[in-house]
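Reviewing the structure listed below.
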Amino acid sequence: MARPELRFVPLLGALSVVLVVVGYLVAGDTPDHHALGPEIREDYDNETQHQIAAFLVALGAVPLLFFAGYFRAVLTRLHPLGRLSPNVALAGAVVAATGLGVQSLIHAALAEAAQTSEFSDQALQSLNALDGWSFYPFVIGLSTFVLASGVALVRDRRFFAPFVAWAAVVLGVLALVPIVGFFAAILSGIWLVTVSVMLFVRSEAVDRLWDDAGQAQPPHTVA
């Protein structure tokens, strides 16, 4: 049975990546975390630009959460008895979305403070240092989401090619490695877009997962 209300939900994963990437591009190069106050004020002379960038990155968290909820349901139906990995993947997406919100909050505050004379140079340096290191929650969440998704998909050979699953496992681990993690995070975004598009293209096959799961499990009630 086709589910038109879910037809475009898989593309929310790709939309999330696009919003975050555009937000980063709009922000452009930011000062080094060792930068002094005058340099920070000069680099943030266009507050509107950075506020838009922060909003786009924060907005990217919303479709990510919807996609993660949908993807968890797909993974659960691929492996009805193995719910740990899908649940961990969803939890990782929640942490990643929270990380995007934290990054946006700090960046928006820094953009406003840089244009406010009441903020001292020392305060700007503190905010700038936080802005430079605020990627940790996002990277930890993204790594957990991709790694747990890969672990769940490794057990299935029907829906995704083994390469897709093993790529997720490798990227999830590498995302936590210093320096290498930056490139692994970029590739993880590409992986997320790829999976998102694949789920959209194969929407009829996804629908059958719901139907097969309903037929395979006896009726039961949940308290």
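Observations
- Relative to the current alpha-carbon distance between Val197 and Val154, full extension at 0.36 nm per residue lengthens the span by 13.6 nm.
- Residue-averaged 222 nm ellipticity for the chain, from DSSP H runs of 4+ at -39500 (n - 2.57), nearest 500: -25500 deg cm²/dmol
- Order of exposure, largest accessible area first, which applies to Ile186, Ile106, Ile40 with probe 1.4 Å: Ile186, Ile106, Ile40
- The charge dipole of segment 94-193, taken about the Cα centre with unit charges on the Cβ atoms of Lys, Arg (+1) and Asp, Glu (-1), comes to about 740 debye, rounded to the nearest 20.
- Solvent-accessible area of Phe66 with every protein chain in place, 1.4 Å probe, in Å² to the nearest 10: 140 Å²
- With all protein chains modelled, accessible area of Thr48 [1.4 Å, Å²]: 90 Å²
- At least 30 Å along the helix axis (C-alpha) and Kyte average at least 0.5, DSSP helices within the chain: 47-78, 84-113, 180-201
- Accessible carbon and sulfur surface of the chain relative to its total accessible area, %, 1.4 Å: 69 percent
- Net charge, Ala152 excluded, C-beta distance under 12 Å - Lys, Arg +1, Asp, Glu -1: +3
- Within-12-Å neighbourhood charge of Gln125 [Cβ basis; K, R +1; D, E -1]: -3
- Furthest towards positive pole of dipole, His50, Ser134, Pro86, structure part segment 1-155, Cβ charges: Pro86
- Stretch gain in nm, segment Tyr136-Phe8, where the contour uses 0.36 nm per residue and the Cα spacing is subtracted: 43.0 nm
- Solvent-accessible surface of the chain, averaged per residue with a 1.4 angstrom probe and all protein chains in place: 53 square angstrom.
- Segment 54-117: C-alpha gyration tensor shape, a/c 1.5 cut-off, then a/b vs b/c: prolate
- Computed FRET value (nearest 0.05) for Asp207 with Ala161, which takes r as the C-beta separation and R₀ as 25 Å: 0.80
The values are calculated or read from the model by the stated rules, or taken from the named source; none is laboratory data. All of these numbers come straight from a predicted model, not from anything done at the bench. Reconstructed Cβ throughout: ideal geometry from the backbone, glycine too, with neighbour counts over all protein chains shown. To get the accessible areas, we keep the full protein, side chains included, count just its heavy atoms, and leave off ligands, DNA and RNA. Shrake-Rupley method; radii C 1.70, N 1.55, O 1.52, S 1.80 Å.
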